[in-house]
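Attaching a single structure in structure tokens format; questions to follow.
The values are calculated or read from the model by the stated rules, or taken from the named source; none is laboratory data. All of these numbers come straight from a predicted model, not from anything done at the bench. All Cβ positions, even for glycine, are placed from backbone atoms using ideal geometry, and neighbour counts span all protein chains on display. What goes into the accessible areas is simple: the full protein's heavy atoms, side chains included, and nothing from ligands, DNA or RNA. Shrake-Rupley method; radii C 1.70, N 1.55, O 1.52, S 1.80 Å.
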Amino acid sequence: MQFTKLEHIGIAVKDLSKSIMLFETLSGKKLYKTEEVPLEQVKTAFFKTGDTKIEFLEATHEDSAIRKFIDKRGEGLHHIAFEVKNIKEAMKEVAQKGFTLLRDEPKVGADNKLICFIHPKDTHGILIELCQEITADHIE
Ligand code: CMX
């Protein structure tokens, strides 16, 4: 297994609409999409920057990982996401290498992806996401 690219960088924010305006002003780019992910209790906004996206995340519930993160550490870099070809194989491999996966199975995340996370204590305090594009093969 190899990472195929840095797919996106996730940034935790308090107010998604303010962050969208800020990043549009800063980057000269228009928003690529917004999406709510109920399972993760977040609203997201994506910008494309070359091959990599920037994902802003706002909590939609007080139990959201994003709300807890901001309460503890403030707004800022929340995770970095690497694309893999086969997420199940990648998860098996990183677990064999001793990294702690936050779940046993991939779940459906934003932007048409299967995702999983590696605990930040294993990776220099940075939360790492592995992601794979969902294709027709995944739809049962
Ligand atoms: N990056 C780095 N460190 C983080 C972190 C993050 N994103 N989130 C929490 N931590 C740190 C905390 O600061 C804390 O550090 P200390 O022990 O030094 O105080 C430690 O991890 C434990 O934090 P906690 O607040 O007690 O939080 P939990 O253990 O309840 O959860 C984590 C932490 C990473 C396991 C949890 O946030 C999680 O499961 N994350 C994955 C899911 C997720 O983040 N979803 C939102 C994004 C969804 C999307 O991209 O669509």
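So which residues in segment 83-116 are closer than 24 Å to D51 by Cβ and among the hydrophobic types (A, V, I, L, M, F, W, C)?
V84, I87, A90, M91, V94, V108, A110, L114, I115, C116 - these are the residues of segment 83-116 that are closer than 24 Å to D51 by Cβ and among the hydrophobic types (A, V, I, L, M, F, W, C).
In segment 60-69, how many are part of a helix (DSSP H, G or I) and of a type outside the set (D, E, K, R)? Full working, then the answer.
Kept after step one, since they are part of a helix (DSSP H, G or I), are these residues of segment 60-69: 65-69.
Checking the rest, the ones that are also of a type outside the set (D, E, K, R) come to 65-66, 69.
Looking only at that region, the number is 3.
Filter segment 114-125 for residues that are more than 17 Å from N86 (Cα to Cα) and near the ligand (Cβ under 8 Å from one of its atoms); which is surrounded by the fewest Cβ atoms within 10 Å (Cβ to Cβ)?
The first filter runs over segment 114-125 and keeps only residues more than 17 Å from N86 (Cα to Cα), leaving 119-125.
Next cut, near the ligand (Cβ under 8 Å from one of its atoms) only: 119-121, 125.
Working: H119: 12, P120: 15, K121: 10, G125: 7.
Selected residue: G125.
Taking A95 as the residue in question, decide whether it is away from the ligand (no atom under 12 Å from the Cβ) and in contact with a strand residue (DSSP E or B) (Cβ under 9 Å, 6 or more places away or on another chain). Explain how you work it out, then say what you get.
Working: away from the ligand (no atom under 12 Å from the Cβ): yes; in contact with a strand residue (DSSP E or B) (Cβ under 9 Å, 6 or more places away or on another chain): yes.
In short, yes.
If you don't mind, another one. With respect to the numbered conditions (1) open to solvent by less than 50 Å² (accessible area, probe 1.4 Å); (2) in a loop (DSSP other than H, G, I, E, B); (3) at negative phi, which one is the sole condition not fulfilled by I128?
(2)
While we're looking at this one, here's another question. Is it the case, given these coordinates, that D111 is in a loop (DSSP other than H, G, I, E, B), out of contact with any Lys or Arg (no Cβ under 6 Å at 6 or more places or on another chain) and surrounded by 19 or more Cβ atoms within 10 Å (Cβ to Cβ)? Step through it out loud before you land on a result.
Numbers: in a loop (DSSP other than H, G, I, E, B): yes; out of contact with any Lys or Arg (no Cβ under 6 Å at 6 or more places or on another chain): yes; surrounded by 19 or more Cβ atoms within 10 Å (Cβ to Cβ): yes.
Against the criterion (in a loop (DSSP other than H, G, I, E, B), out of contact with any Lys or Arg (no Cβ under 6 Å at 6 or more places or on another chain) and surrounded by 19 or more Cβ atoms within 10 Å (Cβ to Cβ)), D111 qualifies.
Within segment 13-29, is there a residue that is under 14 Å from the mean Cα position of the chain (by Cα) and either at negative phi or surrounded by 12 or more Cβ atoms within 10 Å (Cβ to Cβ) (or both)?
yes
Out of K88, K72, K97, report the one residue that is modelled with pLDDT of 95 or more and closer than 16 Å to L127 by Cβ. Please lay out each step first, then the result.
Numbers: K88 fails: closer than 16 Å to L127 by Cβ; K97 fails: closer than 16 Å to L127 by Cβ.
None of the others qualify; the one that does is K72.
State yes or no: is I66 away from the ligand (no atom under 12 Å from the Cβ) and open to solvent by less than 30 Å² (accessible area, probe 1.4 Å)? Steps first, please.
Values: away from the ligand (no atom under 12 Å from the Cβ): no; open to solvent by less than 30 Å² (accessible area, probe 1.4 Å): yes.
Here the answer is no, as I66 does not meet what is asked.
Yes/no per residue for (1) among the basic types (K, R); (2) touching a residue at least 60 places away in the same chain (Cβ under 8 Å):
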position	(1), (2)
V84	no, yes
I87	no, no
K97	yes, no
D104	no, no
D111	no, yes
F117	no, no
H124	no, no
Q132	no, no
D137	no, no
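One line per residue, one yes/no per condition, for (1) surrounded by fewer than 20 Cβ atoms within 10 Å (Cβ to Cβ); (2) hydrophobic (A, V, I, L, M, F, W, C); (3) within 11 Å of the ligand (Cβ to nearest atom); (4) in a helix (DSSP H, G or I):
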site	(1), (2), (3), (4)
H8	no, no, yes, no
L31	yes, yes, no, no
I54	yes, yes, no, no
L57	no, yes, yes, no
D71	yes, no, yes, yes
H78	no, no, yes, no
M91	no, yes, no, yes
